[in-house]
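Q: This is the structure I have questions about; it appears just below.
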């Protein structure tokens with residue numbers, strides 16, 4: 001591999017040097033009337049059939065031009081084509097910029113009259129001129145939906161579904177592929193994960209208004225990271241425009257679910273160029289304050305001796321949440337000369353979640369006599385934090401990134417770029433506290449009269465009397481997870497055939513990525529030396545039943561310990577409390593992992609006439625990982641001296657061929673096809689050789705250092721037709737053949753030598769193979785062919801079908817769907833847009849799917865279908881000022897899991913609708 005790359009490098013340098021003796025360079029930028037960049041513009045020298053496409057910042061470059069005078073034209077959907085004349089001189093770089101004008105019809109009416117259609121034009125032009133199959137969303141296009149974070153914006157894209165947490169989109173599913181099988185990058189580099197055991201990037205950490213462009217690559221090219229089976233989502237941060245720009249958004253609203261608690265939003269951007277336009281600077285900031293909550297009920301199902309399902313455990317949970325999200329970014333670029341440019345980018349995201357939870361649990365329910373009367377333990381638990389953390393559990397997440405890079409033209413023919421970066425994601429949960437009281441021997445009836453919402457009806461005793469509840473436990477946990485990514489990459493690109501119908505170029509490069517992941521948790525149990533906490537009636541408590549509880553008024557939480565009392569306990573005072581570490585609760589969760597990835601790639605992009613082109617190449621990635629995990633036997637171990645550290649190492653290589661075809665049927669009609677091979681690395685924690693035994697819950701979980709990376713062979717055929725009025729109709733089919741995919745194997749009735757009883761055993765394992773197939777269709781355009789005011793209507797709609805099957809889940813003979821594969825996904829919106837007014841109703845639908853395999857089909861966990869309906873409107877008071885209003889989750893769509901069949905609810909959690917109004921300023 002090294003010899004091949006060295007040979008290519010020498011050959012290209014010699015070729016570039018020979019071009020340099022007779023050639024020149026043309027470069028420039030394509031802007032709109034507001035001096036904002038137009039990405040994806042086609043720049044063409046017709047006389048020699050040589051062209052280029054502008055990047056996300058509107059820049060283009062043409063190298064290897066012979067001396068002479070040329071006509072250069074720029075075309076862009078929704079804009080008039082422009083032509084200028086330029087004279088190229090040998091050995092010189094000439095700058096030629098374009099300022100495009102919006103397309104008008106015969107009545108001199110501006111086609112792009114809607115404020116958000118400009119964003120749609122930018123996205124579609126970039127998508128049209130990409131070689132691979134992508135979906136692109138520009139920042140001002142994101143603004144047409146009421147989406148606070150990147151996850152909520154992504155769910156509008158064809159083939160994308162999101163898993164939600166606390167009412168916001170968090171984990172991404174692409175074409176039915178679970179979050180672990182997709183990658184999320186920032187300016188081309190993988191974003192580190194703040195999750196403790198996996199590689200998922202929490203999309204609700206990143207505000208939507210901090211990103212300039214979202215690129216969803218459904219068929220990756222060799223210069224992209226190869227761990228992207230479903231797809232790769234690339235987030236592009238803002239770059240400086242050509243002149244001064246300032247904008248700000250200020251909004252406020254409420255969440256009715258918790259007595260109309262407040263929502264505040266602010267974002268701002270300021271940018272300019274200095275020192276004769278050599279230095280560009282853009283600063284962005286965002287702040288979001290959201291105080292809300294959720295109403296939750298949960299059920300764990302089992303079968304009795306006659307195979308009849310019953311509820312073994314039931315929770316009523318009340319969450320009170322304050323989420324504060326802050327973000328700031330800066331981007332600088334400096335032109336050293338016409339051929340050399342440096343850029344520096346930094347991004348900081350910070351999210352604090354303050355959460356309290358009040359939980360009533362009916363546990364270990366048994367019908368010993370078979371008469372329908374169950375005996376249960378009843379537990380009352382309050383979750384909180386220390387006084388320093390606002391009397392709540394604090395989840396403190398941060399993500400930093402610093403990058404320095406450059407773009408260069410060498411020998412007037414060889415384009416080169418490089419980048420070095422450091423990124424860190426971290427999550428800390430300090431002083432997470434729980435206090436729990438219990439009462440045994442409560443008799444109850446399980447009422448199934450309300451489908452999907454069973455209710456436990458006590459038959460004896462006062463299960464709400466604090467005097468009958470004794471202390472079960474008082475605990476405090478500290479969690480600390482961080483991941484560091486160090487990245488260095490270099491790319492080279494030069495023409496092989498410089499011009500004409502058979503023009504081609506070759507691109508190759510190298511990337512090094514070093515990752516370090518650490519999780520360091522602890523867990524302590526406290527005993528009150530005074531005995532004042534032994535009975536719930538002796539502490540501060542209150543009735544925390546929620547009026548209008550969304551799952552139903554029959555769910556009554558009753559008396560629970562107040563969060564203020566829990567947070568004010570002086571747990572570190574040795575005169576009041578005895579502190580004891582509980583090793584089996586945390587020690588096997590801790591680990592350290594280091595991963596080194598060396599990647600090299602090369603590909604050629606070749607034109608074969610005016611209509612057909614192809615890309616052919618490969619990527620090779622070598623992965624080495626060293627990790628440390630821990631084992632602990634709670635039956636024989638008592639102290640940290642009984643904890644054993646185990647170190648393991650693993651390395652492997654992946655050769656990833658890549659072939660992509662593009663056929664231009666007409667100027668605005670394109671057919672694409674692709675064959676790619678991609679992969680997905682196992683989660684960090686899955687590789688750790690840990691062994692976690694929980695006797696109380698009769699569970700054992702172990703790691704698997706022998707896991708293989710999942711491989712996938714991907715086939716795509718796709719067609720697109722672009723409307724000159726800025727729109728698209730598209731459709732395509734896809735097929736993926738997965739090898740060694742990873743799932744969680746579960747087994748009931750597992751026995752362990754030296755332990756009494758049976759356990760539920762779980763371990764990540766490789767399945768043999770799986771198939772994923774489907775199609776997607778999309779349509780978006782302004783309906784300007786309609787009469788009168790109806791011509792201002794805009795329709796946006798897309799649908800994706802995903803089928804999947806595998807018969808290699810261990811212990812099962814029948815075929816089953818692949819975990820994470822969403823069968824039906826639908827997005828649609830209808831809007832009315834003019835220069836002043838924008839009204840939009842948006843719908844998002846995702847079907848149910850298997851989320852996690854159980855020991856059998858009865859135990860399988862499903863993520864239920866979701867239907868969201870949102871509305872937003874805005875009105876331009878003046879060209880610079882605009883007011884807006886938004887209403888989200890009009891349908892009060894809950895998060896719901898079910899077990900095995902639709903009517904066996906595992907979890908259902910409601911968030912209610914919320915609304916927001918505000919003002920936007922753009923100068």
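The values are calculated or read from the model by the stated rules, or taken from the named source; none is laboratory data. Every value quoted in this text rests on a predicted model; they were computed, and no experiment measured them. No Cβ is skipped: glycine too gets one built from the backbone with ideal geometry, and neighbour counts run over all protein chains shown.
Q: Could we say that residue 565 is more than 28 Å from residue 676 (Cβ to Cβ), surrounded by 15 or more Cβ atoms within 10 Å (Cβ to Cβ) and touching a strand residue (DSSP E or B) at 6+ places or on another chain (Cβ under 7 Å) here?
A: Numbers: more than 28 Å from residue 676 (Cβ to Cβ): yes; surrounded by 15 or more Cβ atoms within 10 Å (Cβ to Cβ): yes; touching a strand residue (DSSP E or B) at 6+ places or on another chain (Cβ under 7 Å): no.
Here the answer is no, as residue 565 does not meet what is asked.
Q: Something else about it: Out of the residues in region 609-637 that are under 30 Å from residue 516 (Cα atoms) and not in a strand (DSSP E or B), which is modelled with the highest pLDDT?
A: 632
Q: Within region 25-36, is there a residue that is at pLDDT 90 or above, surrounded by fewer than 14 Cβ atoms within 10 Å (Cβ to Cβ), more than 30 Å from residue 599 (Cα to Cα) and out of contact with any helix residue (DSSP H, G or I) (no Cβ under 7 Å at 6 or more places or on another chain)?
A: Within region 25-36, none of the residues are at pLDDT 90 or above, surrounded by fewer than 14 Cβ atoms within 10 Å (Cβ to Cβ), more than 30 Å from residue 599 (Cα to Cα) and out of contact with any helix residue (DSSP H, G or I) (no Cβ under 7 Å at 6 or more places or on another chain).
Q: Separate question: Considering only region 226-252, how many residues are closer than 21 Å to residue 346 by Cα and in a loop (DSSP other than H, G, I, E, B)?
A: Summing the residues that are closer than 21 Å to residue 346 by Cα and in a loop (DSSP other than H, G, I, E, B) in region 226-252 gives 7.
Q: Considering only residues that are surrounded by 15 or more Cβ atoms within 10 Å (Cβ to Cβ), more than 30 Å from the chain's Cα centre (by Cα) and at pLDDT below 95, which ones fall in region 273-301?
A: 273
Q: Report yes if some residue within region 689-698 is out of contact with any helix residue (DSSP H, G or I) (no Cβ under 8 Å at 6 or more places or on another chain), crowded, with 17+ Cβ neighbours inside 10 Å and in the same structural domain as residue 175 (by TED's automatic domain parsing); otherwise report no.
A: Yes, region 689-698 contains a residue that is out of contact with any helix residue (DSSP H, G or I) (no Cβ under 8 Å at 6 or more places or on another chain), crowded, with 17+ Cβ neighbours inside 10 Å and in the same structural domain as residue 175 (by TED's automatic domain parsing).
Q: Then there's this: Search region 392-433 for residues being crowded, with 20+ Cβ neighbours inside 10 Å, over 29 Å from residue 484 (Cβ atoms) and touching a strand residue (DSSP E or B) at 6+ places or on another chain (Cβ under 8 Å), and hand back the single one that is modelled with the lowest pLDDT.
A: By that ranking, first place goes to 412.
Q: Go over the candidates 664, 644 one by one and state the one that is under 30 Å from residue 761 (Cβ atoms), in the same structural domain as residue 508 (by TED's automatic domain parsing) and more than 27 Å from the chain's Cα centre (by Cα).
A: On the way: 664 fails: under 30 Å from residue 761 (Cβ atoms).
That would be 644, the only listed residue that is under 30 Å from residue 761 (Cβ atoms), in the same structural domain as residue 508 (by TED's automatic domain parsing) and more than 27 Å from the chain's Cα centre (by Cα).
Q: Please find, among 311, 297, 321, the residue that is over 30 Å from residue 858 (Cβ atoms), touching a residue at least 24 places away in the same chain (Cβ under 8 Å) and in the same structural domain as residue 888 (by TED's automatic domain parsing).
A: Checking each option against the conditions leaves just 321.
Q: Turning to a different aspect of this structure: Considering only region 194-211, how many residues are closer than 20 Å to residue 160 by Cα and either buried (at least 22 other Cβ atoms within 10 Å of the Cβ) or not assigned by TED's automatic domain parsing to the domain that holds residue 511 (or both)?
A: The total comes to 11.
Q: Going through region 749-766 one residue at a time, which ones are part of a strand (DSSP E or B) and surrounded by 15 or more Cβ atoms within 10 Å (Cβ to Cβ)? It would help to see each step written out before you state the result.
A: Applying the first criterion (part of a strand (DSSP E or B)) to region 749-766 yields 749-750, 759-766.
Matches in region 749-766: 750, 759, 760, 761, 762, 763, 764, 765, 766.
Q: Within region 592-608, is even one residue assigned to a loop (DSSP other than H, G, I, E, B) and either within 39 Å of the chain's Cα centre (by Cα) or surrounded by fewer than 14 Cβ atoms within 10 Å (Cβ to Cβ) (or both)?
A: no
Q: If only one of 628, 636 is assigned by TED's automatic domain parsing to the domain that holds residue 517 and surrounded by 14 or more Cβ atoms within 10 Å (Cβ to Cβ), which one is it?
A: Exactly one of 628, 636 is assigned by TED's automatic domain parsing to the domain that holds residue 517 and surrounded by 14 or more Cβ atoms within 10 Å (Cβ to Cβ), namely 628.
Q: Please state which of the following conditions residue 911 fails to meet, knowing it meets all the rest: (1) touching a helix residue (DSSP H, G or I) at 6+ places or on another chain (Cβ under 8 Å); (2) buried (at least 20 other Cβ atoms within 10 Å of the Cβ); (3) without any contact (Cβ under 8 Å) to a residue 60 or more places away in the chain.
A: Of everything listed in (1) touching a helix residue (DSSP H, G or I) at 6+ places or on another chain (Cβ under 8 Å); (2) buried (at least 20 other Cβ atoms within 10 Å of the Cβ); (3) without any contact (Cβ under 8 Å) to a residue 60 or more places away in the chain, residue 911 misses just condition (3).
Q: Every residue in region 371-391 that is in a loop (DSSP other than H, G, I, E, B), in contact (Cβ under 8 Å) with a residue 40 or more places away in the chain and surrounded by fewer than 18 Cβ atoms within 10 Å (Cβ to Cβ), please.
A: Listed by number, the residues that qualify are 372, 373, 390.
Q: Is it the case that residue 820 is touching a strand residue (DSSP E or B) at 6+ places or on another chain (Cβ under 9 Å), surrounded by 19 or more Cβ atoms within 10 Å (Cβ to Cβ) and on the phi > 0 side of the Ramachandran plot?
A: Details: touching a strand residue (DSSP E or B) at 6+ places or on another chain (Cβ under 9 Å): yes; surrounded by 19 or more Cβ atoms within 10 Å (Cβ to Cβ): yes; on the phi > 0 side of the Ramachandran plot: yes.
Yes, satisfied.
Q: Can I ask one more? Got at least one residue in region 345-365 being touching a helix residue (DSSP H, G or I) at 6+ places or on another chain (Cβ under 6 Å), touching a residue at least 24 places away in the same chain (Cβ under 8 Å) and not in a strand (DSSP E or B)?
A: Going through region 345-365, the residues touching a helix residue (DSSP H, G or I) at 6+ places or on another chain (Cβ under 6 Å) turn out to be 349, 351, 356.
Next, from what is left, pick out any that are touching a residue at least 24 places away in the same chain (Cβ under 8 Å): 349, 351, 356.
Those left that are additionally not in a strand (DSSP E or B): none.
No, because not a single residue in region 345-365 is touching a helix residue (DSSP H, G or I) at 6+ places or on another chain (Cβ under 6 Å), touching a residue at least 24 places away in the same chain (Cβ under 8 Å) and not in a strand (DSSP E or B).
Q: Okay, next question. Tell me which residues, restricted to region 798-812, are within 20 Å of residue 762 (Cα to Cα) and part of a strand (DSSP E or B).
A: Listed by number, the list holds a single entry, 806.
One line per residue, one yes/no per condition, for (1) at pLDDT 85 or above; (2) touching a strand residue (DSSP E or B) at 6+ places or on another chain (Cβ under 6 Å):
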{"site": "105", "(1), (2)": "no, no"}
{"site": "116", "(1), (2)": "no, no"}
{"site": "132", "(1), (2)": "yes, yes"}
{"site": "151", "(1), (2)": "no, yes"}
{"site": "161", "(1), (2)": "no, yes"}
{"site": "198", "(1), (2)": "no, no"}
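Q: Let me ask another. Within region 378-388, work out how many residues are at pLDDT below 95 and either more than 30 Å from residue 400 (Cα to Cα) or out of contact with any helix residue (DSSP H, G or I) (no Cβ under 9 Å at 6 or more places or on another chain) (or both).
A: Matching residues across region 378-388 total 0.
Q: Does residue 317 meet the test of being modelled with pLDDT of 95 or more and in a strand (DSSP E or B)?
A: Numbers: modelled with pLDDT of 95 or more: yes; in a strand (DSSP E or B): yes.
Considered against the rule, which asks whether it is modelled with pLDDT of 95 or more and in a strand (DSSP E or B), residue 317 comes out as yes.
Q: Would you check which residues across region 813-837 are within 22 Å of residue 897 (Cα to Cα), in a loop (DSSP other than H, G, I, E, B) and touching a residue at least 12 places away in the same chain (Cβ under 8 Å) and list them?
A: 817, 818, 819, 820, 821, 822, 823
Q: Does residue 674 count as in a strand (DSSP E or B), in contact with a strand residue (DSSP E or B) (Cβ under 8 Å, 6 or more places away or on another chain) and more than 19 Å from residue 176 (Cβ to Cβ)? Lay out the reasoning, then the answer.
A: Details: in a strand (DSSP E or B): yes; in contact with a strand residue (DSSP E or B) (Cβ under 8 Å, 6 or more places away or on another chain): yes; more than 19 Å from residue 176 (Cβ to Cβ): no.
No.
Q: Going through region 257-272 one residue at a time, which ones are in contact (Cβ under 8 Å) with a residue 24 or more places away in the chain and either in a loop (DSSP other than H, G, I, E, B) or surrounded by fewer than 15 Cβ atoms within 10 Å (Cβ to Cβ) (or both)?
A: 262
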